[in-house]
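The next block holds one structure in the form of structure tokens; read it before the comments.
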Amino acid sequence: MLDIHFIRENKELVQEGARKKHIEVDIDRLIAVDDERKALRTELDEKRAEQNRASFNIVNIQGEEKEKLLESLKTLKDGMAEAEEKLVKVMEEWQKLMLSVPNIPDMTVPEGDSDADNVEVRTWGDIPTFSFAPKDHVELMTNLGMADFERGTKVAGFRGYFLKGDGVLLANAVSQLALMHFVKKGFEPLIAPSLVRRETFMGTGYLPQSEEDLYKTQDGEYLSGTAEVATMGYYMNETLDMNQLPVKFVSYSPCFRREAGSHSKDTKGLIRVHEFFKWEQVVLCEASHTESVRLHEELTQNAEEFLQLLNLPYHVVVNCGGDLGLGQVKKYDIEAWMPSQNTYRETHSSSYFHDFQTRRLTTRYRDSEGKLQFAHSLNNTAVAMPRILSMLVENYQQEDGTIRVPEVLVPYVGKTSLGKSGQGE
RNA sequence: GGAGAGGUGGCAGAGUGGUCGAAUGCACCGGUUUCGAAAACCGGCAGGGAUGAAAGUUCCUCGGGAGUUCGAAUCUCCCCCUCUCCGCCA
């Protein structure tokens, strides 16, 4: 959510930002509604003041005078009720409009409509060449008994999967490596709830817009698609000390996504699944654009270093306006090389929000002058499983169909090669 | 799932219809005192909105919402949350 004062004073900027994000919003209408809101508020304030004065005086008067005062208060109350009723209606529209105003994308965000218009900013690593016909991860992992997709769908339905055998060893190894990598960098690890109340989804900006992407329980909670939601909720309605900042969490949770509207995409394998698990970098910092930008680059760098540890070739793209979420100011996607698709696929998504989320969540801190400020927030993937496994096995596959274990993972996996023994069925 | 208790400022904790946005204590900030500190003493100390150059004036907020009343932290109803006991349980 943006500050209404800011919107009023920077109408063109806000409207232009929405255009760049390809999000429709009527700022003129919002301002008109806000004018109404202000007028009604002022009217009510004055009437309430009069009522307060009368209520205070009423104790000291009696008889006919009191009767007269009560009579005039009745008229006043009727007027107030009328104004209140109008205000409720106005506020309803006001809230709806306010929640739909997107955050303004950074100047450096390229124009564009969809992920096809994202712009590559750098590449790292050598794209592997194979002296044999490389297999895709579904075939590799099935052959090696690392995953079972048939039984996965039998049990869990569309996009269901089992990880098994060396697939589980590899997943846990990657997970542990990620945890160590980020703890070393000063992140505080957190295991976060996936079952989260509506309020926090509103605060992070996933609701009310993306209701159809979320699973909902019969008790009204939602299953979150990222630990970002619960982790941002951690300091909801709290005031932090400035010397706590920046707060850096690396937060783990199971993640659930309905993938509504993606039915035809990535229907096989581990790229797009309904249920996965992920470590997420979540950061709160002081309300400074410079600091946000610095940390945004840092979080991106952290993820790149992780891919470098795994020696997975990747590139970084800056997302275009049309590919940005409501609250995001700027976003980088990191995409690792996927031999079977002869292209890069997303492994990390790094974005910053300024105070868009914290304003909705009321996460503040006291600055050096003692003034309350909304913190800035950022997040980026640390590592998402099982998706990363698909890149690992495809890039590290050997001619005999086995998988070489990336050197850095050997201590965590306990062997140098996957699938040599105990393969498959 | 059953029974009970409770949600008040950074914290503790008073307040059961009338200048209560709220006693008191602690914490915190400023000052006096001191070589310095502690103690003591004095003063300040919730958030948000409107208006204003400012001082100020004013409105809202005692978990959230609705109601009763001229007037609600205080009474009524609904919801949320926390705690205790019982049941169930990884």
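Brief remarks on what is shown
- Filtered residue count, region A:274-301, keeping only those that are in contact with a Lys or Arg (Cβ under 6 Å, 6 or more places away or on another chain) and buried (at least 21 other Cβ atoms within 10 Å of the Cβ): 1
- Scanning region A:232-246 for residues that are in contact (Cβ under 8 Å) with a residue 40 or more places away in the chain, exposed (fewer than 12 other Cβ atoms within 10 Å of the Cβ) and in a helix (DSSP H, G or I) yields a total of 1.
Residues checked against (1) more than 16 Å from A:MET141 (Cβ to Cβ); (2) among the β-branched types (Val, Ile, Thr); (3) surrounded by 24 or more Cβ atoms within 10 Å (Cβ to Cβ); (4) in contact with a helix residue (DSSP H, G or I) (Cβ under 9 Å, 6 or more places away or on another chain):
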site: A:PHE374; (1), (2), (3), (4): yes, no, no, yes
site: A:ASN379; (1), (2), (3), (4): yes, no, yes, yes
site: A:VAL383; (1), (2), (3), (4): yes, yes, yes, yes
site: A:LEU392; (1), (2), (3), (4): no, no, yes, yes
site: A:TYR396; (1), (2), (3), (4): no, no, no, no
site: A:ASP400; (1), (2), (3), (4): no, no, no, no
site: A:ILE403; (1), (2), (3), (4): no, yes, yes, yes
site: A:TYR412; (1), (2), (3), (4): yes, no, no, yes
site: A:THR416; (1), (2), (3), (4): yes, yes, no, yes
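- In region A:172-191, of all residues being of a type in the set (A, V, I, L, M) and outside any helix (DSSP H, G or I), the one that is surrounded by the most Cβ atoms within 10 Å (Cβ to Cβ) corresponds to A:LEU190.
- Residue list for region A:263-301, filter: assigned to a loop (DSSP other than H, G, I, E, B) and aliphatic (A, V, I, L, M): A:LEU270, A:ILE271, A:VAL273, A:ALA287
- The listed residue being free of Cβ contacts under 8 Å to residues at least 60 places away in the same chain, farther than 30 Å from A:GLY269 by Cα, more than 16 Å from RNA strand B (Cβ to nearest atom) and in a helix (DSSP H, G or I), out of A:LYS96, A:LYS77, A:LYS89: A:LYS96
- Tabulated pairs, region A:29-43, first modelled with pLDDT under 95, second polar (S, T, N, Q) and assigned to a helix (DSSP H, G or I), C-beta under 6 angstrom, 6+ apart or interchain: none
- In region A:382-402, residue nearest to A:LYS164 (Cα to Cα) [restricted to those that are touching a Leu at 6+ places or on another chain (Cβ under 9 Å) and part of a strand (DSSP E or B)]: A:MET385
- Qualifying residue in region A:346-366 (condition: at pLDDT below 95, assigned to a loop (DSSP other than H, G, I, E, B) and among the polar types (S, T, N, Q)): yes
The values are calculated or read from the model by the stated rules, or taken from the named source; none is laboratory data. Please read these numbers as outputs of a predicted model, since none were measured by experiment. Every residue, glycine as well, gets a Cβ built from its backbone with ideal geometry; the counts of neighbours run over all protein chains shown.
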